[in-house]
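Notes follow the structure.
The values are calculated or read from the model by the stated rules, or taken from the named source; none is laboratory data. Predicted model only: the values in this text are computed from it and were never measured. Cβ sites come from the backbone with ideal geometry, for glycine too, and all protein chains shown count toward neighbours.
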Amino acid sequence: MDTAVTATANTASTTNTTTAAKPALELEHVSYSYTKGGKRVLIDKNYVFRTGRVISITGPSGAGKTTLLSLLSGLTTPTKGRVLHNGEDLAKADRYRFRSHDIGVIFQSFNLLPALTVAENIILSMDASGKTFDQPKKEIAAELIEKVRLQPEYLNERILHLSGGEQQRVAIARALSYDPQIILADEPTGNLDLATQDDIMAIFKDLAHNEGKCVIIVTHSPEVAAQSDEVFQLAPLRER
Amino acid sequence: MFVLNNAWKTVIRNKGRNILIVLIVAIIAAAATIGLAIRNAAGTARETGLANTSVTATISVDRSKLMEQAREASSSSSSSDSSSSSTDAAPDFDSMRSALDDSNLTLADYQKYEKASSVPVSSYYSESTGVSGTDSFQPVETSTANAANSSDSSSSSSDSSSESSGSGSGSGQQGPGDGQGQGGQGGGPGNMMTSGDFTLTGFSSDTAIANASNGTFTMSSGEVFGYGEDDNGKVIISKTLADFNNLSVGDTITVTNPSDTSLTYTLTICGIYENTTSSNTNAMGPMGGTSQDADNAIYTSVSTLKSLGLDSDTTANDDNDDTTTQLNYTYVLSSADDYETFASDVKAAGLDDTYTVQSADVEQYESSLVPLDNLAKFALTLLIVVLVVGAVVLVVLNLFNIRERKYEVGVLTAIGVKKTKVAAQFVIELLIVTMCGIALGVAGGAVASVPVSNQLLASQVSAQESEASSQQQQFGRAADMGGGPGSEQQSDSSSSDSSSSSSSDSSSTDSNSDSDSNAGNAAQPSQQGGPGGMRQAVDYVSEINATVNLAVVGQLILIGLGLTLISALVGIVFVMRYEPLQILADRS
């Protein structure tokens, strides 16, 4: 089954790269420092993240992976250079709309609301996106829960009562719930066993190759990097 | 919609904390409700207390103003009177006296002002004059009152003997000369407004009799005279007087003019009355004459007085007559507002600045509102304290609440909910909670406000009363004594009283001007303490209807909104300063 999925994914990826590989996010000479005039975490990065592809961002600790994630997800803006989304400068766009609408972020710490149930967390994101859905939100949530290999009874469970791996899967489900163009995942498989890790990767590849999404994965894991279409290697900072 | 939904869900989720806030807000709201209700009720009581009850008003002369004018007039017209201008230091008593004399308003004046009013006004009036008894008709008096009435007992005995011999009342204790002598000697009280043994009072209507200065009475036999000319000569006398002289209904009595004993008036008794509230029997103390005794009051109609030539117009024109008649004219207005209008109308109609329109009812009412005003002030203080404390408590609670929910703010902004929406959600959450608290508080306050405010008012009233009584004790008076002459008295009958008596002074003794003016001036205060002059213990407003109405609820909701916004400001500032990037550091 796994092989079959991979096979179709591969064929899809080849067609996508040739036909509709338009850039979703672009980095243009991006530099970033947390304080003005302080230590620069990213220096003059250039990269094009295209739709229909799974891209891994790898690099050692302190290479600026999380910073790059916050730039790509629109949580902050670069000190130099531009981040372009569909050709538009993110710094000038409505980044709240971008976050709620166009990008699904799976944070390393999940950032789920512990007091809410699984379904409530997912529906909260769907509500926040302001999109309309052709199915009841509860049904979509149930389908997503099934997709990330969680039992349906988890829907009404509080996040507090879930293990790390389960929370990670809920976070993935939430990122997919409002059907964003870009999926951005920070160590999405870190807390998962191998089998589930493969499931998740399969989902990501399916999203990229069959639904034309742009999937960006920040990871340490060489297996994940090996399964992705492109790898964006962040070199450790030379500057001091 | 998203914001509302989210806010509602969050409120439901944090039951414990929100119940705590609801309780705090409810307590604040209850206290505020009571405070507002009291203020509201006090305001309403002030406005409507006299709105539907009739108010009586009188026109009285402002003597100090009058004197001032007279002084100015005399100094300006220096050429006309060289003696007065040369001795500028000495007051021009003649001109002042004449000014005071002129200050008497006539019946026609009073009626003119009544017509000038733009609001409906009715009126009644009474005219009082003194008459003296004859051999067959003697006033009720006690020997002690007689003895104390003059400086030594021998003169009192001579008084009584002279009376019994019928040599005339001029030598009696009520004669102008004697009265003036007393005033001159002691500089004290004692100059009575009327001379004679009896007070013959003419009334214009039943209302006038009902408001007689001697208090209310009931007829024990016979009936009250009519007011037409047909009933001229009919009088009613007190039961005590009737018993004293062994008279009954249908008998005739003869009285004389106090200054001229040859002038006699024959009156027919058509009824005998009994005072039910003889508030001021001998209120004047030993200095009072027999005519001041309520029992020696003879009531008749103004028409009778007129036919006898004793009405105020006739006596005022008759300069040589000591027997001046005081006119006591009272306007009846339907409400306190009408009273205000009437006062301004009368001014507009040409009432001189030296006169003031007064209403004993309104003044009494004002003083009865003192505890209520105090309570309203207290309520305002309570309100302010409660609101400030409430605001601080809410701000602090909200601050802790928001800090606790920092992570939630981070998550919401990270998934793309705008900060304004997050802030709005927090405000709405707080609003839902505080509105619940206010609803509870208003309900509780509405239940509690009436008993609580009446309780508070009762304590204010008792504080006010104890203050008044301690003041009375300080001056050595029992609370119900009404005070001696010269004390603060209700002066509703002062204008005609005092001016007429001073004019009688001046006309009778032109020679001894210095002592006379002293006596006249000294006499003023005592006259104001004339019949009925006892200041009744003020009947304080002791009940207020502090019910909660829609206005109070509206005000409270506004206050609640204000408080919520103030405390929500903390949350808003917090949310607005939050950087979404912080979420990466906020690892749960």
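Number of residues in segment B:394-425 that are within 14 Å of another protein chain (Cβ to nearest Cβ) and on the phi < 0 side of the Ramachandran plot equals 22.
When A:Ile103, A:Ile57 are checked against the criterion of being within 23 Å of B:Val417 (Cβ to Cβ), at pLDDT 90 or above and under 13 Å from the mean Cα position of the chain (by Cα), A:Ile103 stands alone in meeting it.
Summed over segment B:104-140, residues that are part of a strand (DSSP E or B) and either small (Gly, Ala, Ser) or crowded, with 20+ Cβ neighbours inside 10 Å (or both) total 13. The single condition from (1) in contact (Cβ under 8 Å) with a residue 24 or more places away in the chain; (2) more than 14 Å from chain B (Cβ to nearest Cβ); (3) touching a helix residue (DSSP H, G or I) at 6+ places or on another chain (Cβ under 7 Å) that A:Ala142 fails is (1). The set of residues in segment B:1-44 being away from chain A (no Cβ under 14 Å) and touching an Asp or Glu at 6+ places or on another chain (Cβ under 9 Å) consists of B:Ala42 alone. When every residue of segment B:374-387 is checked against the conditions, at least one turns out to be under 23 Å from the mean Cα position of the chain (by Cα), surrounded by 22 or more Cβ atoms within 10 Å (Cβ to Cβ) and not small (Gly, Ala, Ser).
May I ask you to list the residues in segment A:68-82 that are within 14 Å of chain B (Cβ to nearest Cβ) and either outside any helix (DSSP H, G or I) or over 17 Å from A:Tyr47 (Cβ atoms) (or both)? A:Ser73, A:Gly74, A:Leu75, A:Thr76, A:Thr77, A:Pro78, A:Thr79, listed by residue number. Hey, can you tell me all the residues within segment B:557-582 that are free of Cβ contacts under 8 Å to residues at least 12 places away in the same chain, closer than 24 Å to B:Gly410 by Cβ, in a helix (DSSP H, G or I) and not hydrophobic (A, V, I, L, M, F, W, C)? Residue satisfying the conditions is B:Arg577 alone. Scanning segment A:86-107 for residues that are more than 8 Å from every other protein chain (Cβ to nearest Cβ), closer than 15 Å to B:Val411 by Cα and part of a loop (DSSP other than H, G, I, E, B) yields a total of 0. Taken over segment B:338-364, residues that are within 16 Å of B:Lys65 (Cα to Cα) and β-branched (Val, Ile, Thr) amount to 3. Could you please let me know if B:Ala212 is closer than 16 Å to B:Ala297 by Cα and without any contact (Cβ under 8 Å) to a residue 60 or more places away in the chain? No. Of everything in segment B:344-357, what is under 18 Å from B:Ala108 (Cα atoms) and in a helix (DSSP H, G or I)? Give them in sequence order. Of everything in segment B:344-357, those that are under 18 Å from B:Ala108 (Cα atoms) and in a helix (DSSP H, G or I) turn out to be B:Asp345, B:Val346, B:Lys347, B:Ala348.
I'd like the full set of residues that are buried (at least 22 other Cβ atoms within 10 Å of the Cβ) and touching a residue at least 40 places away in the same chain (Cβ under 8 Å), limited to segment B:227-252. Quick ask: steps written out before the conclusion?
To start, the set of residues in segment B:227-252 that are buried (at least 22 other Cβ atoms within 10 Å of the Cβ) comprises B:235-238, B:241-242.
B:Val235, B:Ile236, B:Ile237, B:Ser238, B:Leu241, listed by residue number.
For segment A:124-133, the criterion of being within 30 Å of A:Lys45 (Cα to Cα), within 8 Å of chain B (Cβ to nearest Cβ) and modelled with pLDDT of 90 or more is met by no residue.
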